[in-house]
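Worksheet: the structure to be examined is printed underneath.
Nothing in this text is a laboratory measurement; each read-out follows from the coordinates by a stated rule. Only a predicted model underlies this, so the values are computations on that prediction, with no experimental measurement involved. Backbone-built Cβ (ideal geometry, glycine too); neighbour counts: all protein chains shown.
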Amino acid sequence: MSPSPLITRTVPALRRAVDNLRKRTATVALVPTMGALHDGHVSLVRLAKRRGSRVVVSIFVNPTQFAPSEDFGAYPRTWTADIAKLAAEGVDIVWHPGVEAMYPEGFATRIVPEGPALAGLEDRFRPHFFGGVATVVGKLFTQCRPDVAIFGEKDFQQLRVVTQLARDLDLGVKVIGSRTVRERDGLAMSSRNVYLSPEERQTATVLYRAMKDSAGRVRAGEAIRPAMARGAETIAAAGFALDYFEVRNAKTLAPVTSRNDGPLRILVAAKLGTTRLIDNVAV
Ligand code: PAF
């Protein structure tokens, strides 16, 4: 069995631990998480191990990326199970700051991302979100000083935002996207899936099927508008309240009108009862 990771809770302790790793190794990989770890996170850690010789996982439920009406208080926290999973994967360091270590009293600086953060997708429905993500990820990068950082493709717009952030602020971190891990029936793994009732859990698979169906139609040459309308109807008919179901340029997130505007990505966000799910697939 692998030894437990070293758990650090203050910036000086983290810095000492990362400096120690660096004495013995060239490449440090960071996997930023909010805990409630599932197999999707495990796959991020495994990719981190392939891309770095040492792995740091941060666990921090970041209050600044939740609106007051959202689920910050209810967000699942499964610390003991998380540490057991990270120990089994041979993670070196867990960075687990309290809110007061991340945002000490008097904290007054925020990163305001533009470009992909204003693509009119998540930002339209969660206007507070990418400011909170960019600020905390900027801090995680400067606190841990990793060589590479791994983010899931499931949060596709977030991946684009943090890639841009690392580039624009010369943070010296290579951001790497990792493929979405799915349940056997296609539902993308997410810490929020635990909110779904058994019936909602069954219905939730419609999202992936609808995206695959629309992607197949576009690939087969059907015009984008009817192909996407069909998917949106299927999702709404299953009982979801749809925020968006859109096809965008996968690199820039710009809207597209033809399949020649590619590479293309279909992105969806929809609420089932009180649970909001997001997902995306390549076309
Ligand atoms: O994707 C997440 O879990 C979070 O948005 C992140 C990147 C850890 C920032 O809090």
Next item on the list: Would you check the chain for Lys pairs whose C-alpha atoms are within less than 19 Å, ignoring same-chain pairs closer than 8 in sequence, and give me the count?
Entry: 10
Check: Tell me, what is the percent relative contact order of the chain, built from C-alpha pairs under 8 Å that lie six or more residues apart?
Finding: 17 percent
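For a quick check: sort I224, I150, I93 by the number of other beta carbons within 10 angstrom, fewest at the front. The partial results should precede the final answer.
Working: I224 21, I150 29, I93 24.
Taking fewest neighbouring Cβ atoms as first place, the list is I224, I93, I150.
Quick one: dipole size for the chain, taken about the Cα centre, charges +1 on Lys/Arg Cβ and -1 on Asp/Glu Cβ, in debye to the nearest 20.
Details: 39 positive and 28 negative charges, 189 e Å.
Rounded to the nearest 20 debye, it is 900 debye.
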Notebook entry, point to check: Hey, what did the range 120-274 get for relative contact order, percent, Cα under 8 Å, at least 6 apart?
Noted result: 17 percent
Check: What is the extension gain from D168 to R192, computed as 0.36 nm multiplied by their sequence separation minus the C-alpha to C-alpha distance, in nm to one decimal?
Finding: 5.6 nm
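Expressed as a rounded percentage, what relative contact order does the range 190-283 have, with Cα pairs under 8 Å and six or more residues apart?
Numbers: 142 pairs, mean separation 28.1, N = 94.
Contact order relative to length: 30 percent.
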Note to self: For a protection proxy built on the mean count of beta-carbon atoms within 10 angstrom, sort 160-166, 124-130 highest first, please.
What the structure shows: 160-166, 124-130
Next item on the list: In whole angstrom, note down how far apart the Cα centers of the range 169-218 and the range 219-283 are.
Entry: 13 Å
Margin query: Taking 20 °C and 1.002 mPa s as the conditions, I'd like the Stokes-Einstein D for the range 180-274 in µm²/s, using the Kirkwood hydrodynamic radius from alpha carbon pairs.
Written below: 154 µm²/s
Margin query: Compute the helix-to-body angle for 39-51: its Cα long axis versus the longest principal axis of the chain, expressed 0 to 90° and rounded to tens.
Written below: 60 degrees
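Mean shadow of the chain, computed from the convex hull of its alpha carbons, in nm²? Walk me through the numbers before you get to the answer.
Details: hull surface 60.8 nm².
One quarter of the hull surface, i.e. the mean projection, equals 15.2 nm².
So, by mean Cβ neighbours within 10 angstrom, what's the order for 66-73, 8-15 with the highest one leading? Could you put the intermediate results ahead of the total?
Working: 66-73: 11.8, 8-15: 15.8.
Ranking, from highest mean packing down: 8-15, 66-73.
For S53 and E199 in one chain, what is 0.36 nm times their gap in residues minus the Cα-Cα distance, to one decimal in nm?
Details: separation 146, 0.36 × 146 = 52.56 nm, distance 4.29 nm.
Using 0.36 nm per residue and subtracting the Cα-Cα distance, I get 48.3 nm.
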